[in-house]
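**Q** Shown below is the structure under consideration.
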Amino acid sequence: MLRSVNEILKKYGVEELVIDYFAELVKAPEVRYRLSGRPRVSMIIMKKHSFIRTIAIAAVGYLLLMIVILSAVWWNTSRTLQDSAGAALTKAGEIESFGIDEVLKSNEQALASVLQNNENIQVFENGTENQRAIAAQNMLQILQRASMTSSDVQNLVFYDLIGDTYIARISSDISYDESVMIREAVRQLTEDNPGNMPAAWFYQKIGEKSYLLRMYKNKKRMLGALVDVTDLYNTSSQEGAIAYTLVSDDGEIIAAYGDDSTPEKELLTADYIGTTGWSEGREYYITGSDFTRGSFSLFLSMTKDKVYGGFQLLQVVILGLIVLAILMLVFMGVYARRTVYAPLSDLLNAMKKIEQGEQQLRLSEEADTQEFQQINTSFNRMMDTIVGLRMKSYEERIAFDEATLKYVQLQIKPHFFLNALTTIHSMSFQNKNEEIREYIERLSRNVRYLFKSGLHTVPLSEEIEHARDYMAMQDILYPGCVFNFIEIEDGLEDYPTPQLMIHTLLENIYKHAVSVDKLTSILISAKMDDYHGEQVCRIVVEDDGDGYPEEFLAGVKQGEVKVGEDGHGVGLWNLKKTLSLMYRRDDLMEFSNKEPHGSRVDMWIPKRVKRQSSLWMQS
């Protein structure tokens with residue numbers, strides 16, 4: 001409602017005046033107002049019950065009831081169940097991680113015992129064929145003895161790269177075909193890793209089974225242990241509400257066991273290592289731990305149903321509270337519809353009709369509540385004030401813009417005339433009578449152009465023709481000192497251009513860049529260009545003089561074109577102000593210096609003028 005009132009005030013341009021007036025109106029219990037052509041009317045604001053107070057009391061009671069019951073029961077129960085689930089996950093994770101670590105530790109100890117038999121290993125490098133055969137038998141016995149140190153040690157392999165000798169102690173649960181695949185996998189590892197093997201346990205899928213491998217390798221031989229991931233499961237961990245997932249550091253799921261509801265691998269991230277938390281979407285409650293012995297992690301998770309399994313009774317209570325809340329909302333809705341919605345609807349409809357032009361429309365000053373009666377009364381008086389002030393404010397704004405435009409135009413013309421008179425005065429001292437006559441003839445054409453009847457824009461072809469006359473007139477003063485080149489894209493002859501725009505820039509160039517002791521080049525171009533998504537005519541005027549002073553360019557970047565006390569810069573100020581008034585934009589003109597020297601002005605002229613003025617049509 002307030003936004004709509006604000007829009008109406010801004011539309012008629014009397015926002016600040018009416019706000020002050022409205023503030024005075026609502027202060028007094030008895031208000032008198034006068035409309036044009038109407039008698040004075042006195043109105044007494046009758047005291048009614050407060051709608052806001054009634055709604056506030058009901059809302060506070062409802063909110064307190066819901067906050068106390070729902071917050072206390074829900075938060076306490078939810079937190080308790082969540083903490084219990086977190087403790088269960090953490091405890092189960094510690095037990096499972098310890099079991100896995102013990103299996104890996106037993107296999108590492110077995111490998112260490114094999115490595116201690118260094119003399120037998122050296123035979124594979126320096127011994128004869130018979131000695132290597134005996135060493136192979138001895139190595140098999142060593143591997144078998146090492147595997148007997150713990151029931152967790154099942155698969156040990158030794159591979160001599162020089163003699164291509166493969167020796168393995170494989171679990172009896174592994175078939176012949178699987179043992180062959182293990183042998184090929186070990187040989188493939190030597191090819192894939194010509195250097196050292198990873199210095200930790202790593203994941204490898206061989207056939208249909210997943211293994212954790214720990215391999216020791218140098219350039220001549222490799223010794224390693226393979227652990228079937230199914231041997232890592234704790235019997236008790238395969239049952240219950242917890243899901244266990246082994247995940248490699250590359251994000252691959254090595255094994256999943258326990259509860260059937262296992263999170264997707266994208267949800268199992270390092271963010272859960274050492275802590276517990278909900279997955280995205282709160283579908284799983286997850287914790288995790290990593291292993292110093294290998295490049296993989298163990299994640300434990302419970303579904304939301306398992307975490308809040310005993311929450312059924314509370315859900316019934318919450319449902320009952322929701323029903324109660326609905327009944328309360330229905331009651332409040334019926335009451336609010338009668339006392340709030342209907343008056344607001346009438347107010348908004350009245351505002352829409354007023355915006356469409358029905359400015360004499362007024363609201364009924366009778367309402368069910370004190371607040372809306374005061375709003376309707378004040379709104380009616382505010383609209384009376386708007387109607388009274390609208391035309392005055394609008395006409396004052398138009399007069400101000402017209403005066404500003406006229407002021408800018410009048411500043412441009414005397415500026416040009418003064419320069420012309422100074423030139424004639426200078427040539428008279430040089431007895432250049434013929435040049436003076438030609439100069440005056442060209443000046444007369446320029447004067448006719450300056451005072452030409454028409455809008456504040458002219459076709460680009462006329463502006464260019466005027467620029468040619470102006471430069472020809474200046475050639476009398478600077479013979480042979482200026483080279484000019486004009487390039488206009490085809491089809492732009494009738495493009496509407498602000499009058500004297502190019503002329504003002506040429507005046508500035510002749511004043512600051514042109515001299516009799518050097519040749520100065522002036523280039524003018526015009527073409528269509530895309531500027532901030534709009535097709536505009538881009539006009540560029542540049543010269544190869546000394547360029548603009550740095551302080552001038554710095555002022556332009558700060559949004560200022562300063563005029564000196566002696567009037568220096570008034571032409572550029574007027575040009576920038578004209579563009580701003582005509583197009584309601586401040587980004588249509590850009591000043592810059594060229595390399596190695598010279599100045600450049602870029603102007604983007606939209607085709608549609610935002611400000612038309614009848615004053616510019618006066619001759």
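The values are calculated or read from the model by the stated rules, or taken from the named source; none is laboratory data. Please read these numbers as outputs of a predicted model, since none were measured by experiment. Here the Cβ positions follow ideal geometry from the backbone for every residue, glycine too, while neighbour counts run over all protein chains shown. Keep in mind that these areas ignore ligands, DNA and RNA; they rest on the heavy atoms of the full protein, side chains included. Shrake-Rupley method; radii C 1.70, N 1.55, O 1.52, S 1.80 Å.
**Q** Take the stretch 445-466 and flag every residue that is touching a His at 6+ places or on another chain (Cβ under 9 Å) and either among the β-branched types (V, I, T) or modelled with pLDDT of 85 or more (or both).
**A** At the first step, the residues of the stretch 445-466 found to be touching a His at 6+ places or on another chain (Cβ under 9 Å) are 445-446, 449-450, 458, 463, 466.
Those that are touching a His at 6+ places or on another chain (Cβ under 9 Å) and either among the β-branched types (V, I, T) or modelled with pLDDT of 85 or more (or both): V458, E463, H466.
**Q** Is it the case that the stretch 535-543 has a residue that's within 22 Å of N419 (Cβ to Cβ), open to solvent by 30 Å² or more (accessible area, probe 1.4 Å) and not in a helix (DSSP H, G or I)?
**A** yes
**Q** How do the pairs read when you match residues in the stretch 464-489 that are without any contact (Cβ under 8 Å) to a residue 40 or more places away in the chain with residues anywhere that are in a strand (DSSP E or B) and among the hydrophobic types (A, V, I, L, M, F, W, C), using Cβ under 7 Å and keeping only pairs 6 or more apart or on different chains?
**A** Sorted first by the residue in the stretch 464-489, then by its partner, the pairs are D475/V482; F485/L523; I486/I524; I488/A526; E489/A526; E489/M528.
**Q** Considering only the stretch 122-131, state which residues are surrounded by 15 or more Cβ atoms within 10 Å (Cβ to Cβ) and either under 18 Å from V229 (Cα atoms) or free of Cβ contacts under 8 Å to residues at least 40 places away in the same chain (or both). Before the answer, list the steps.
**A** Just the residues of the stretch 122-131 that are surrounded by 15 or more Cβ atoms within 10 Å (Cβ to Cβ), to begin with: 123-124, 127.
Hits for the stretch 122-131 are V123, G127.
**Q** Take S393 and tell me if it is modelled with pLDDT of 80 or more and of a type in the set (G, A, S).
**A** On the way: modelled with pLDDT of 80 or more: no; of a type in the set (G, A, S): yes.
Answer is no for this residue.
**Q** Quick check on my filter: what residues within the stretch 259-294 are open to solvent by less than 20 Å² (accessible area, probe 1.4 Å) and out of contact with any Leu (no Cβ under 8 Å at 6 or more places or on another chain)?
**A** Answer for the stretch 259-294, where residues must be open to solvent by less than 20 Å² (accessible area, probe 1.4 Å) and out of contact with any Leu (no Cβ under 8 Å at 6 or more places or on another chain): P263, L268, G277.
**Q** Of (1) loosely packed, with under 12 Cβ neighbours inside 10 Å; (2) within 23 Å of Y285 (Cα to Cα), T77 satisfies all except one. Which?
**A** For T77, the exception is condition (1).
**Q** Something else: Would it be correct to say that R442 is exposed (fewer than 12 other Cβ atoms within 10 Å of the Cβ), assigned to a helix (DSSP H, G or I), of a type in the set (D, E, K, R) and modelled with pLDDT under 90? Steps first, answer last, please.
**A** Numbers: exposed (fewer than 12 other Cβ atoms within 10 Å of the Cβ): no; assigned to a helix (DSSP H, G or I): yes; of a type in the set (D, E, K, R): yes; modelled with pLDDT under 90: yes.
Criteria not met by R442.
**Q** Which condition breaks for K105 when tested against (1) modelled with pLDDT under 85; (2) open to solvent by 70 Å² or more (accessible area, probe 1.4 Å); (3) of a type in the set (D, E, K, R)?
**A** (1)
**Q** Looking at (1) surrounded by 13 or more Cβ atoms within 10 Å (Cβ to Cβ); (2) among the hydrophobic types (A, V, I, L, M, F, W, C); (3) free of Cβ contacts under 8 Å to residues at least 24 places away in the same chain, which is the only condition V323 fails?
**A** Condition not satisfied by V323: (1).
**Q** Can you confirm whether the stretch 360-367 contains a residue that is surrounded by 14 or more Cβ atoms within 10 Å (Cβ to Cβ), modelled with pLDDT under 85 and assigned to a helix (DSSP H, G or I)?
**A** no
**Q** Does K527 satisfy being modelled with pLDDT of 95 or more, of a type in the set (D, E, K, R) and surrounded by fewer than 18 Cβ atoms within 10 Å (Cβ to Cβ)?
**A** Values: modelled with pLDDT of 95 or more: yes; of a type in the set (D, E, K, R): yes; surrounded by fewer than 18 Cβ atoms within 10 Å (Cβ to Cβ): yes.
Criteria met by K527.
**Q** When both residues are 6+ apart or on different chains and their Cβ atoms are under 7 Å apart, which pairs have a first residue that lies in the stretch 515-534 and is under 14 Å from I488 (Cα atoms), and a second that is surrounded by fewer than 14 Cβ atoms within 10 Å (Cβ to Cβ) and aromatic (F, W, Y)?
**A** The qualifying pairs are L523/F485.
**Q** So, one more: How about the stretch 299-332: which of its residues are at pLDDT 75 or above and of a type in the set (F, W, Y)?
**A** F299, Y308, F331
**Q** Output the residues belonging to the stretch 502-553 that are under 28 Å from Y449 (Cα atoms) and among the basic types (K, R).
**A** Scanning the stretch 502-553 gives K511, K527, R538.
**Q** Here is a further query. In the stretch 218-249, which residue that is at pLDDT below 85 and charged (D, E, K, R) is most open to solvent (accessible area, probe 1.4 Å)?
**A** Top of the filtered list is K219.
This table checks each residue for (1) in contact (Cβ under 8 Å) with a residue 12 or more places away in the chain; (2) under 29 Å from Y216 (Cβ atoms).
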site: I69; (1), (2): yes, no
site: W74; (1), (2): yes, no
site: T80; (1), (2): no, no
site: L89; (1), (2): yes, no
site: I100; (1), (2): yes, yes
site: L104; (1), (2): yes, yes
site: S113; (1), (2): yes, yes
site: N120; (1), (2): yes, yes
site: A133; (1), (2): no, yes
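**Q** Please find, within the stretch 141-150, the residue that is surrounded by the most Cβ atoms within 10 Å (Cβ to Cβ) out of those that are within 13 Å of V114 (Cβ to Cβ) and among the hydroxyl-bearing types (S, T, Y). Outline the logic, then answer.
**A** Residues of the stretch 141-150 within 13 Å of V114 (Cβ to Cβ): 141-149.
Restricting the remaining residues to those that are among the hydroxyl-bearing types (S, T, Y) gives 147, 149.
Details: S147: 22, T149: 13.
That would be S147.
**Q** Please work out if F296 is touching a helix residue (DSSP H, G or I) at 6+ places or on another chain (Cβ under 8 Å) and either of a type in the set (F, W, Y) or at pLDDT 80 or above (or both).
**A** Details: touching a helix residue (DSSP H, G or I) at 6+ places or on another chain (Cβ under 8 Å): no; either of a type in the set (F, W, Y) or at pLDDT 80 or above (or both): yes.
In short, no.
**Q** With (1) open to solvent by 80 Å² or more (accessible area, probe 1.4 Å); (2) farther than 15 Å from A110 by Cα as the list, and N138 as the residue in question, which single condition is left unmet?
**A** Condition (1) is where N138 drops out.
**Q** Only residues that are open to solvent by 20 Å² or more (accessible area, probe 1.4 Å) and within 18 Å of V541 (Cβ to Cβ): list them for the stretch 469-488, please.
**A** D469, A472, D475, Y478, V482, F483, N484, F485, I486, E487, I488
**Q** Assuming G309 fulfils every condition listed in (1) small (G, A, S); (2) open to solvent by 50 Å² or more (accessible area, probe 1.4 Å); (3) closer than 30 Å to I242 by Cα apart from one, which condition is it?
**A** (2)
**Q** Can Q373 be described as touching a Lys or Arg at 6+ places or on another chain (Cβ under 9 Å) and either outside any helix (DSSP H, G or I) or of a type in the set (D, E, K, R) (or both)? It would help to see each step written out before you state the result.
**A** Values: touching a Lys or Arg at 6+ places or on another chain (Cβ under 9 Å): yes; either outside any helix (DSSP H, G or I) or of a type in the set (D, E, K, R) (or both): no.
No; evaluated as a whole, the condition is false for this residue.
**Q** Yes or no: the stretch 83-94 includes at least one residue that is closer than 30 Å to S297 by Cβ and either outside any helix (DSSP H, G or I) or of a type in the set (S, T, N, Q) (or both).
**A** For the stretch 83-94, residues closer than 30 Å to S297 by Cβ and either outside any helix (DSSP H, G or I) or of a type in the set (S, T, N, Q) (or both): present.
**Q** Follow-up question, since we're still on this one. Looking at L115, is it more than 51 Å from the chain's Cα centre (by Cα), in a helix (DSSP H, G or I), modelled with pLDDT under 90 and not charged (D, E, K, R)? I'd like the intermediate steps shown before the answer.
**A** On the way: more than 51 Å from the chain's Cα centre (by Cα): yes; in a helix (DSSP H, G or I): yes; modelled with pLDDT under 90: yes; not charged (D, E, K, R): yes.
Yes, satisfied.
**Q** Next question. Sort out which residues of the stretch 513-534 are touching a Pro at 6+ places or on another chain (Cβ under 7 Å) and outside any strand (DSSP E or B), and write them in order of number.
**A** Let us first name the residues in the stretch 513-534 that are touching a Pro at 6+ places or on another chain (Cβ under 7 Å), namely 534.
Once the filter is applied, which keeps residues that are touching a Pro at 6+ places or on another chain (Cβ under 7 Å) and outside any strand (DSSP E or B), the stretch 513-534 yields nothing.
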